[in-house]
Amino acid sequence: MLPGAVSCRCQQVRPTVSAPQSIYPSRMNTRHGVWMLWIGLFSACGGDNPVVEQTSQSCNIASECYPKLDAATLQGEPVCLDRVPDGYCTHLCEQDSDCCAVSGECSTGHPQVCAPFESTGRKYCFLSCEAEVVSQAKLEDDSTYCSKYANDAFGCRSTGGGNENRKVCMP
């Protein structure tokens with residue numbers, strides 16, 4: 001992936017070809033078809049989520065994370081969690097204030113929390129979907145919150161890190 005590029009977890013879209021209704025299709029039908037193709041491609045790549053946080057983006061290696069920042073300025077080392085399908089960009093932290101501590105790190109204003117992840121023994125930044133955050137967003141449930149503000153494929157789940165578990169948006 002190129003630096004500064006936003007990844008998109010989308011399914012491959014294959015256009016279907018159908019027989020023309022006439023030998024000379026009207027300009028309106030052609031324009032309509034082009035618009036429908038663009039709408040389909042846009043929605044297949046999460047078009048409902050135009051502003052994307054750098055935390056939670058897919059990755060293969062840590063150097064792909066936080067491309068808009070000098071990673072050395074983060075309040076913890078960048079990490080690509082490989083225990084998450086397609087990888088998950090985040091960084092090490094000690095407390096909630098370490099997440100979004102650097103100007104430009106977070107762009108949506110949705111709270112992130114510092115929490116242990118599974119049995120790694122380390123804490124990372126995640127988009128929060130705790131009850132008070134979801135209720136402030138006036139959404140009906142935490143899965144809707146994660147789908148809307150993180151990624152269409154994400155739900156709200158526990159970090160699985162023992163007695164310091166937090167509810168976060170993850171696949």
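Near Val133, once Lys and Arg are set to +1 and Asp and Glu to -1 for all other residues with Cβ below 10 Å from its Cβ, the sum equals -2. On the basis of the beta-carbon distance and an R0 of 25 Å, Ser135 and Asn165 show a calculated FRET efficiency of 0.85. Taking a Cβ cut-off of under 15 Å around Thr73, the surrounding Lys, Arg, Asp and Glu residues balance to a net charge of -3, with basic ones at +1 and acidic ones at -1.
With θ taken as phi - 60° and the Karplus curve 6.51 cos²θ - 1.76 cosθ + 1.60 applied, the whole-hertz 3J(HN,Hα) list for segment 135-140 is 5, 5, 7, 6, 10, 5 Hz, x standing for glycine and proline.
Phi-derived couplings, Karplus 6.51 cos²θ - 1.76 cosθ + 1.60 at θ = phi - 60°, listed residue by residue for segment 90-106: 7, 8, 5, 7, 10, 8, 3, 5, 6, 7, 6, 6, 9, 4, x, 5, 10 Hz, with x used for Gly and Pro. Dipole magnitude for segment 62-170: computed about the Cα centre from +1 point charges on Lys and Arg Cβ and -1 point charges on Asp and Glu Cβ, it is near 80 debye. Applied to segment 116-132, the Karplus parametrisation 6.51 cos²θ - 1.76 cosθ + 1.60 on θ = phi - 60° returns per-residue 3J(HN,Hα) values of x, 10, 6, 9, 6, x, 10, 9, 9, 7, 9, 6, 6, 9, 5, 3, 5 Hz, with x for Gly and Pro. Here Lys123 is the anchor, and the lysines within straight C-alpha reach of less than 26 Å, apart from those fewer than 8 places off in the same chain, are Lys68, Lys148, Lys167.
Values quoted throughout were computed directly from the atomic coordinates according to the rules given, and no laboratory measurement underlies them. Note that this is a predicted model, so its numbers are computed, not measured. Heads up, the Cβs are rebuilt from the backbone with ideal geometry, glycines too, and the neighbour counts pull from every protein chain shown.
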